[in-house]
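Some notes on the structure that comes next.
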């Protein structure tokens, strides 16, 4: 399905999705058109699902990052999923096995916003919070 050249193209796009096809081609020894064709094929296959922008959350006022383990007290997971999808604070949410039912990453502007989110979670279950003190990768 994917060869080493495709994987190298993906690596380059992950580092800089605005990189010109011609520049990618120089690295992987293909023409810009050949790179374009490979990227289009990977998009059609669903390997590449989209492109995103990395933002500096601190400059946007999102100064608190928290990782929250959710312990559900209800079986109404669908309503909880709606809650997560509707919350602007939620960056990422995964259903997990092990300690807890969900792991949720949020970014908020203030301690008050964090408390508001946590109070809202109580409708669905209990939680344990870990606050990020620095990003490693």
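Here are some notes:
- Gaussian network model of the chain, Cα within-10 Å springs - most flexible of 49, 105, 58: 49
- For the range 4-45: rounded, prolate or oblate by the Cα gyration tensor [a/c cutoff 1.5]: rounded
- The angle between the Cα long axis of helix 32-45 and the main principal axis of the chain comes to about 40°, on a 0 to 90 degree scale.
- Ranking of 77, 29 by neighbouring Cβ atoms within 10 Å, starting from the fewest: 29, 77.
- Given the alternatives (i) 2, 8, 16, 15, 11, 10, 11, 12, 8, 5, 2, 0; (ii) 2, 10, 19, 25, 23, 15, 6, 1, 0; (iii) 2, 9, 15, 19, 18, 14, 10, 7, 4, 2, 1, 0, P(r) over Cα pairs in 5 Å bins from 0, in percent as computed for this entry is given by (i).
- Packing-based exposure ordering (other Cβ within 10 Å, fewest first) of 65, 75: 75, 65
- Cα-based helix-to-principal-axis angle, 77-86 vs the chain, degrees rounded to 10: 70 degrees
- Helix 111-121 and the longest principal axis of the Cα set of the chain meet at an angle near 80°.
- For 131, 24, order by how many other beta-carbon atoms lie within 10 Å, fewest first: 131, 24
- Estimated translational D of the range 64-131 in µm²/s (Stokes, Kirkwood radius over Cα pairs; 25 °C; 0.890 mPa s): 208 µm²/s
- The range 90-106 and the range 1-77 have their alpha-carbon centroids 22 Å apart.
No lab work stands behind these numbers, since they all come straight from the coordinates. The shown structure was predicted, so the numbers you read here are calculated from the model rather than taken from an experiment. Neighbour counts run over all protein chains shown; Cβ positions are idealised from the backbone, glycine included.
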